[in-house]
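Below is one structure, written out as structure tokens; the observations come after it.
The values are calculated or read from the model by the stated rules, or taken from the named source; none is laboratory data. Everything quoted here is computed from the prediction, not taken from an experiment. Neighbour counts are summed over all protein chains in view; Cβ atoms, including those assigned to glycine, are modelled from backbone coordinates with ideal geometry. Side chains included, ligands, DNA and RNA excluded: accessible areas come from the protein's heavy atoms. Shrake-Rupley method; radii C 1.70, N 1.55, O 1.52, S 1.80 Å.
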Amino acid sequence: MSISSQKSFPVTWDQFHRDSRALAWRLTGLGNFDAVVAIARGGLVPAAIVARELNIRTVETVAVKSYDHQNQGGIKVLKEVSGPLLELARNGGKVLIVDDLVDTGNTARVVRDMLPGAHFATVYAKPKGREMVDTFITEVSQDTWIFFPWDLDVAYVAPISGGTD
Ligand SMILES: O=P(O)(O)OC[C@H]1O[C@H](OP(=O)(O)OP(=O)(O)O)[C@H](O)[C@@H]1O
Ligand SMILES: [Mg+2]
């Protein structure tokens, strides 16, 4: 997805908390997870909320960068999953991967390859990447850009009529 996205889907902190909790509820049917892996940076916030709700105390990170502002570049893995976490997964530990959203699915594909048996969950999903995710809460169209609360500020907006008063 690029800057040509036509629709915008701004998400408030309240809504994000609610949607992340809904994700946690949906995951409760899957039994206990031994660890959560957050895909930094966007996955850090939902991973913290899900870990709190599901009482998962082992929280790991993998850092993947795919976008500069709204422009997709090549995928860069900036920090790999730690050795002990890979060991846990190899020994049959139940691992949950959390990200804020899946768009093209490229990030999800790279992280799934690192942890093939893990459950992959996101709060939001776009159609192109949906098949890469095991559990998500809300789907938005491919031409929508989701604006997360940590990227937003309260600002003046012109009236719909276009006037200034
Ligand atoms: O499905 P994809 O097309 O790969 O896009 C989804 C990924 O893009 C965003 O991360 P980004 O690379 O912008 O880094 P960030 O999490 O640090 O914001 C988002 O947080 C997902 O991780
Ligand atoms: Mg990300």
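The rows are residues; the columns are (1) under 30 Å from Lys7 (Cα atoms); (2) more than 14 Å from ligand 2 (Cβ to nearest atom).
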site: Arg90; (1), (2): no, yes
site: Asp99; (1), (2): yes, no
site: Val102; (1), (2): yes, no
site: Phe120; (1), (2): yes, no
site: Pro127; (1), (2): yes, yes
site: Asp143; (1), (2): yes, yes
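Looking only at residues of the range 135-146 that are outside any strand (DSSP E or B) and over 10 Å from the mean Cα position of the chain (by Cα), we find that the one that is surrounded by the most Cβ atoms within 10 Å (Cβ to Cβ) is Ile137. For the range 24-80, filtered to residues that are among the aromatic types (Phe, Trp, Tyr) and in contact with a helix residue (DSSP H, G or I) (Cβ under 8 Å, 6 or more places away or on another chain), the residue that is nearest to Thr107 (Cα to Cα) is Phe33. Just one of the numbered conditions (1) within 23 Å of Asp14 (Cα to Cα); (2) surrounded by 14 or more Cβ atoms within 10 Å (Cβ to Cβ) is not true of Leu152: (2).
If the condition is being among the charged types (D, E, K, R) and surrounded by fewer than 16 Cβ atoms within 10 Å (Cβ to Cβ), then the range 20-38 contributes only Arg26.
From the list Asp68, Asp34, Asp19, exactly one residue is touching a residue at least 40 places away in the same chain (Cβ under 8 Å), of a type in the set (Asp, Glu) and over 15 Å from Ile146 (Cβ atoms). Which is it? After ruling out the rest, the residue left standing is Asp34. A count restricted to the range 41-61 and to residues that are within 15 Å of ligand 2 (Cβ to nearest atom), out of contact with any Leu (no Cβ under 8 Å at 6 or more places or on another chain) and either in contact (Cβ under 8 Å) with a residue 24 or more places away in the chain or of a type in the set (A, V, I, L, M, F, W, C) (or both) stands at 5. Taken as a whole, the range 1-10 holds no residue that is open to solvent by less than 60 Å² (accessible area, probe 1.4 Å), touching a helix residue (DSSP H, G or I) at 6+ places or on another chain (Cβ under 9 Å), at negative phi and of a type outside the set (Lys, Arg).
Residues that are in a helix (DSSP H, G or I) and either within 16 Å of ligand 1 (Cβ to nearest atom) or β-branched (Val, Ile, Thr) (or both) within the range 12-38 comprise Phe16, Asp19, Ser20, Leu23, Thr28, listed in sequence order. Meeting the requirement of 1 or more residues that are within 15 Å of Ser20 (Cα to Cα) and open to solvent by 20 Å² or more (accessible area, probe 1.4 Å), the helices (runs of 4 or more DSSP H) wholly within the range 39-134 are 44-54.
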